[in-house]
């Protein structure tokens, strides 16, 4: 047994160390898997920050609609085409709008 260990011990130990290194890099919980997981966590955090910003904007909009009469009037005028008594609402379809980017020809 001692002669086998002397003859093959270093090789077996080297293969064991190589296996452990490969497992630490490519394994289920290895370096590559952890870096992928960190990247996913960063992406989720960025998406969460974007959603929190959007949520704050919507909460501010709701607060404005509850407290600011001008916001309510703007929403009513634009969305429902409502006007004050005596006003006439003229609706122009978007395909009839003049092109803003092109200069007018004389």
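None of the figures in this text is laboratory data; all of them are computed from the coordinates on show. Fair warning: this is a prediction, and the values are worked out from it, not measured in the lab. Reconstructed Cβ throughout: ideal geometry from the backbone, glycine too, with neighbour counts over all protein chains shown.
Taking the simple approach of a point 7 Å from Cα along Cα-to-Cβ for both residue 25 and residue 1, what is their distance in nm?
Those two pseudo-labels are separated by 3.5 nm.
Compute the long axis of helix 2-26 from its Cα atoms, compare it with the longest principal axis of the Cα atoms of the chain, and write down the angle in degrees, 0 to 90, nearest 10.
0 degrees
What distance in nm separates the simple spin-label points at residue 17 and residue 67, each placed 7 Å from Cα in the Cβ direction?
6.8 nm
Select one label from [x] 51, 40, 23; [y] 48, 34, 27; [z] 109, 47, 16: the one whose number is Cα extents along the principal axes in Å as derived from the coordinates shown.
[z]
Apply the a/c threshold of 1.5 to the C-alpha gyration tensor of segment 43-94 and tell me whether it is rounded, prolate or oblate.
Oblate, because a/c is 1.5 or more while a/b does not exceed b/c.
Taking the chain as the reference, fit the longest principal axis to its C-alpha atoms, fit the long axis of helix 31-67 to the helix C-alpha atoms, and give the angle between the two in degrees, 0 to 90, nearest 10.
Between helix and principal axis, roughly 20 degrees.
Note the angle between two axes, namely the Cα long axis of helix 69-80 and the longest principal axis of the Cα atoms of the chain, as a number of degrees from 0 to 90, rounded to the nearest 10.
Its long axis makes an angle of about 90 degrees.
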